[in-house]
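Asks: Questions regarding the structure given below will be posed in turn.
A short reminder: the numbers here are calculations on the coordinates, not readings from a lab. Quick caveat: nothing in here was measured; it's all calculated off a predicted structure. Positions of Cβ are backbone-derived with ideal geometry, glycine not excepted, and every protein chain shown enters the neighbour counts.
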Amino acid sequence: MNKYLESTEYIDWKNPEILSQAKVLANGNGSLLEISRNCFEFVRDEIKHSWDYKLNPVTLRASDVLKHATGYCFAKSHLLAALLRANGIPAGLCYQRLTITDSPPFCLHGLNAVYLENFGWYRIDARGNKQGVAAEFFPPKEKLAFRIVAEGEADLPEIWSEPLPVVVQVLRQSKTYQEVADNLPDVELVAANKALQADG
């Protein structure tokens, strides 16, 4: 579990601003469940999704997401992981492979998993709600932003302690929110394709 509590280059929870915000969200509350909810709702509601609000700069490191109060889903998940870890709550990164219009091309979508004592790993999605998107915190019931609906879409089962390199690369190289949108990361579903062929 230790790797899901570490402060790293991109989930840099030892940053003073993150520590300060994490303390505010804990609010003297002894319940890790309530702290987890507070962290989730803060990132979902107070950090603007870069594409929804057409905002620059492109953020990657959790401390930059907090500083600029904006980020793509990936960056927002880095901040949420940092705030949870700063409160001693294990948190990881998850991904879905989605279409934008129910048909290819595909791209990754970033979200989180938090370890809750009474429920185990529980996925939460703080990308930000809008028309047609209503992610909530109701353990053990998942209420994510997006459902898997089209062929080729998938929930990737892994819980990563660090962002995927392909995600880091896009956020690092892009200068504007539009550049990220034009180069959204994707992965090939090799294992899923093999399983589908085996079933067929």
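Asks: Most mobile of E117, E136, E179 per a Gaussian network model of the chain (Cα springs, under 10 Å)?
Replies: E117
Asks: Let me ask something additional. For the residue pair D186 and A150, what label-to-label distance in nm results when each label sits 7 Å from Cα along the Cα-to-beta-carbon direction?
Replies: Reported label-point gap for D186 and A150 is 0.9 nm.
Asks: Work through the residues other than F146 whose Cβ is under 9 Å from its Cβ and net out their charges, Lys, Arg +1 and Asp, Glu -1.
Replies: For residues surrounding F146, the net value is 0.
Asks: Right, another one. Enter the per residue convex hull volume of the chain, computed from alpha-carbon coordinates, in Å³ rounded to the nearest integer.
Replies: 122
Asks: Then there is this: Charges at C-beta only: +1 for Lys and Arg, -1 for Asp and Glu. How large is the resulting dipole of the chain about its Cα centre, in Debye rounded to 20?
Replies: 440
Asks: Helix-derived [θ] at 222 nm for the chain: sum -39500 (n - 2.57) over DSSP H runs of at least 4, divide by residue count, nearest 500?
Replies: -11000 deg cm²/dmol
Asks: Mind checking the full-extension length gain between I100 and E158? Use 0.36 nm per residue of separation minus the Cα-Cα distance, one decimal, nm.
Replies: 18.7 nm
Asks: Starting from the Cα-Cα distance between Y53 and N29, subtract it from 0.36 nm times their residue separation and give me the gain in nm to one decimal.
Replies: Value of the extension gain: 5.4 nm.
Asks: How many angstrom lie between the Cα centre of region 70-139 and the Cα centre of region 10-27?
Replies: 18
Asks: In terms of modelled amide H atoms, which long-range or inter-chain residues lie less than 5 Å from the amide H of L60?
Replies: The answer is V65.
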